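Here the structure comes first, spelled out in structure tokens, and everything after it is commentary.
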Amino acid sequence: MSARPLLLPLLAAMLLGSSGCDKLAASPQPQQLFRAADISGAGFGRAFALTDHKGRARTLADYRGKVVALLFGYVHCPDMCPLTLHELRRAQHALGAQGSGLQVLFVTLDPQHDTQAALAQAMANFDPAFVGLRGDAAQTRQVIGDFRLVLQRLAAAGKDAGEIGHSAGTYVFDRHGKLRLYAAYGTAHEAFEHDFRLLLSER
């Protein structure tokens with residue numbers, strides 16, 4: 001059984017707001033600049049305190065000056081995580097010289113099984129520039145709450161570590177550390193590249 005993406009709760013309400021929907025529907029809409037959902041000003045997902053796959057303490061502030069693509073998953077994810085990481089790698093490579101201004105961060109939702117060594121190997125398999133992040137049980141619960149993730153274990157009977165159903169989108173921060181975009185699972189590398197170029201070109 002494949003892990004299934006779980007949608008970010010209330011995303012539509014957050015984007016449209018709680019009033020004025022009739023007016024929005026009746027009036028012409030401005031051209032959407034980004035391919036992903038623009039969630040600039042969202043009141044969540046503002047920080048984290050975790051450890052990277054080299055054992056260094058990390059916070060979001062460490063990556064100021066770069067566009068950050070942040071996603072959550074686990075090393076043995078059978079489909080969603082590797083597919084998204086693959087698309088992000090293709091997008092970063094397509095950026096050429098601009099690719100140095102992008103940082104991909106992968107946060108494990110299964111620190112019990114995803115050790116520092118396992119994360120290091122997983123990141124090396126995708127791109128040496130990607131960073132794996134993990135926390136203890138309390139830090140993991142904190143980041144799940146801060147980013148409003150939905151999580152469900154799908155462990156099969158008799159197995160030590162089963163699949164995990166989880167929110168599968170990618171959060172994108174600008175170079176000032178502000179949360180700007182939410183890219184749903186299935187976003188192709190061309191869309192990622194388009195949005196990363198726009199954010200990298202901002203002053």
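For region 64-148, the list of trypsin sites (Lys or Arg not before Pro) that fall in a loop by DSSP and count at most 16 other C-beta atoms within 10 angstrom reads 64, 148. Using C-alpha pairs below 8 Å separated by at least 6 residues, the relative contact order for region 67-198 is 33 percent. At an R0 of 35 angstrom, the distance between the Cβ atoms of residue 176 and residue 121 translates into a FRET efficiency of 0.60. Here the label points at residue 38 and residue 202, each 7 Å from Cα along the C-beta direction, are separated by 1.0 nm in the simple model.
No value in this document is a laboratory result; all are computed from the given coordinates. This structure is a prediction, so every number in the text was calculated from the model and none was measured. So basically every Cβ, Gly included, is an ideal-geometry build from the backbone, and we count neighbours across all protein chains shown.
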